[in-house]
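Asker: Got a structure here, written out as structure tokens. Questions coming.
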Amino acid sequence: MRMQNKLGAIFLAAVLTGAGALPAAAQKSADTLRIVMRDALPNVDPYYNNLRTGVVMHHQGWDTLVYRNPDSFKLEPLLATEWKFPDPTTIEFSLRPGVKFHDGSAFTADDVVYTINLVADPGSRVSTPANYNWIEKAEKTGDLSVRVTLKRPTPAALEYFALVLPIYPKAYREKVGAEGYAKAPVGAGPYKMTKVESGVSIDFERFDDYWAGSPKGKPAIKKMSVRFVPDATTEMTELLAGRADWIWNMNPDQLEAVNRMPHLQAVRKESMRVGFLSLDAAGRTGADNPLTKLKVRQAIWHAIDRKAIADKLVTGGSRVPSAPCFPSQFGCDAEAAIGYDYNPAKAKQLLAEAGYPDGFDVELASYVLPQWGASVQNYLHAVGIRAKLNQLQTAALTQRAKAGELRAYLGSWGSFSINDVSAFLPNYFDGGADDYARDPDVQKWLLQGGSSINPEVRKEAYSLAIKRITEQAYWAPLHTYVTTYGHSKQLDFTPYPDELPRFYLAKWK
């Protein structure tokens, strides 16, 4: 109720200050799309953040070798004009001539080789190693041709090349270094970055020398101004006050109210993102940890009414995945998953059997919407688990999670929009910084599933991993995300299921 009153106050304040009557065309006349987001980027370099905000930014400012059509998911040429697989661990790319980076330098094979070898090197300490640790090396075979050798067969390789392998300009990045590049990045995408203030804002301008014929097209809108704010309330206030033309991940309760505003529009689209609860089964946070006990983790799964969260809080067609992955992904075998119904009595029984008849205290860290976190907290309290909700910024929570400091935390994963389980499960179960299970069998099965070109072998390996993960209640998928967008009615914007806003395709009405 307090949340509803707070939201009502925001809308009332907007009306009283005349926000509903502000001229939405003000920034249309300046040809500047004003975007406001949470999850501020500490580093805009695509390889040194794993926030969805960062993925969105790099698809505007950088190009990759391969393009994935947002409507069909068909893979199409981008910086590479064609590719072939002479054998299961080799990809040969022919590169596009006549492409320029934002600093005017020509795109060549040297840039591709430099980028791929840098991010595949463990010493580079990229934010998401699982996206690149299947690459052995890249080598130049001509001014506009490259051979990439893989450590193992990687069936989803081209999806990774399309979604998480933007190309650096070698000479420029070597000249300015990693820190200099983060402050003044250069790519080859449809927009160039003209100003970057770390964690504060990013300014973009249409790159007039962007190569003709790109499936991304030449942007219709000349400039973009991206500002970061600390929370959803501030984000909504900026939209209502006419200081923003586009926001996303707004509270779904605000959908109808936004649509009542004469100059605004709110739309919804299910994405490939899954909300989850991570539990420290491996005891990374210390030996005196109730979550290392199987019955405690099972009790937690039974304590949470995931369907109620999906139906009543997330809404818009949100689903509860049976397996710890997005349902459409190759290898996401729902039938292999062990199910846990909402059963508070069973949860209390399991806690008593585990030696905690009176429950226990635990920190529940979260960067999801506060009301979603509060819901999980309340379900846990109802069975005796006294969870103290600690609301953090995404970057701060991610840092603590990777350091092994969180016994239980709520987060989300969008797989970088790659429609394959290899982009989901290894991130949390391959023994890396985000793995709170540390199960060697799961690690073995994920390696098998990610390194075979035989789809049946892959399916079997992933099914074994999913069965073990759910049997052991390591990690609970709570719901799929349904992204809610709010924007000016004068903006022609199309949302896509891969959760990648393509501002280069947007235009003013």
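Asker: Among 135-147, 268-280, what's the highest-first ranking by average C-beta atoms within 10 angstrom per residue?
Answerer: Per-residue Cβ counts within 10 Å, averaged per peptide and sorted highest first, yield 268-280, 135-147.
Asker: Using label points projected 7 Å from each Cα along Cα→Cβ, tell me how many nm separate K195 and Y342, to one decimal.
Answerer: In this crude label model, K195 to Y342 measures out at 4.9 nm.
Asker: When the Cα centres of the range 313-366 and the range 145-193 are compared, how far apart do they sit, in Å?
Answerer: 38 Å
Asker: Kindly state, to the nearest 0.05, the FRET efficiency for A287 paired with A396, given R0 = 30 Å and r defined as their beta-carbon distance.
Answerer: Result of the calculation: an efficiency of 0.70.
Asker: Can you compute the modelled spin-label distance between S145 and A220, with each label point 7 Å from Cα toward Cβ, in nm?
Answerer: The two pseudo-label positions are separated by 4.1 nm.
Asker: What is the magnitude of the charge dipole of the range 362-489 about its Cα centre, with +1 placed on the Cβ of each Lys and Arg, -1 on the Cβ of each Asp and Glu, and no other charges, expressed in debye to the nearest 20?
Answerer: My answer is approximately 340 debye.
Asker: OK, next. If I stretch the segment between R438 and E471 completely, what's the gain in nm (0.36 nm per residue apart, minus their alpha carbon distance), one decimal?
Answerer: Stretched out fully, the R438 to E471 stretch lengthens by 10.4 nm.
Asker: Grab the DSSP H runs of the chain that are 4 residues or longer, score each as -39,500 (n - 2.57), total them, divide by all residues and round the 222 nm result to the nearest 500 deg cm²/dmol.
Answerer: Computed ellipticity for the chain at 222 nm equals -8500 deg cm²/dmol.
Asker: Something else about it: Which distance in Å, rounded to a whole number, links the C-alpha centroids of the range 236-286 and the range 24-69?
Answerer: Each part reduced to its Cα centre gives a spacing of 17 Å.
Asker: With each label point set 7 Å from Cα along the Cα-Cβ vector, what nm distance links A382 and F73?
Answerer: Going by the 7 Å Cα→Cβ label model, 3.4 nm.
Asker: While we're here: Given a Förster distance of 22 angstrom, what is the FRET efficiency for A106 paired with K175, based on the Cβ-Cβ distance and rounded to 0.05?
Answerer: It comes out at approximately 0.90.
Asker: For V457 and E205, FRET efficiency with R0 = 56 Å and r from the beta-carbon atoms, rounded to 0.05?
Answerer: Working from the Cβ atoms, E equals 0.70.
Asker: To continue, here is another question. Which of F207, F73 comes first, and how do the rest follow, when ranked by fewest Cβ neighbours within 10 Å?
Answerer: Placing the least packed residue first, the sequence is F73, F207.
Asker: Let me ask something else. Starting from 0.36 nm per residue, how many nanometres of slack lie between R152 and K137 once their C-alpha separation is accounted for?
Answerer: 4.2 nm is the gain from fully extending R152 to K137.
Asker: Can you give me the P(r) profile for the range 212-279? Cα pairs, bins 5 angstrom wide beginning at 0, each as a whole percent.
Answerer: 3, 11, 20, 17, 18, 15, 10, 5, 2, 0
Asker: Quick one: Debye curve from the C-alpha atoms of the range 66-172, no solvent, what's log10 I(q)/I(0) at q = 0.15 Å⁻¹?
Answerer: Log-scaled intensity ratios, in q order: -0.61.
Asker: Grab the Cα-Cα distance for K307 and D253, subtract it from 0.36 nm times how many residues apart they are, and report the gain in nm with one decimal.
Answerer: 17.7 nm
Asker: Taking 4 °C and 1.567 mPa s as the conditions, I'd like the Stokes-Einstein D for the range 271-482 in µm²/s, using the Kirkwood hydrodynamic radius from alpha carbon pairs.
Answerer: The diffusion coefficient I find is 76 µm²/s.
Asker: Calculate the dipole size of the range 271-482 relative to its Cα centre from +1 charges on Lys and Arg beta carbons and -1 charges on Asp and Glu beta carbons; express the result in debye to the nearest 20.
Answerer: That gives a dipole near 300 debye.
Asker: Counting other C-beta atoms within 10 Å, which of L291, L158 has the fewest, and how do the rest follow?
Answerer: Least crowded to most crowded, the residues run L158, L291.
Values quoted throughout were computed directly from the atomic coordinates according to the rules given, and no laboratory measurement underlies them. These figures come from a predicted structure and were not determined experimentally. No Cβ is skipped: glycine too gets one built from the backbone with ideal geometry, and neighbour counts run over all protein chains shown.
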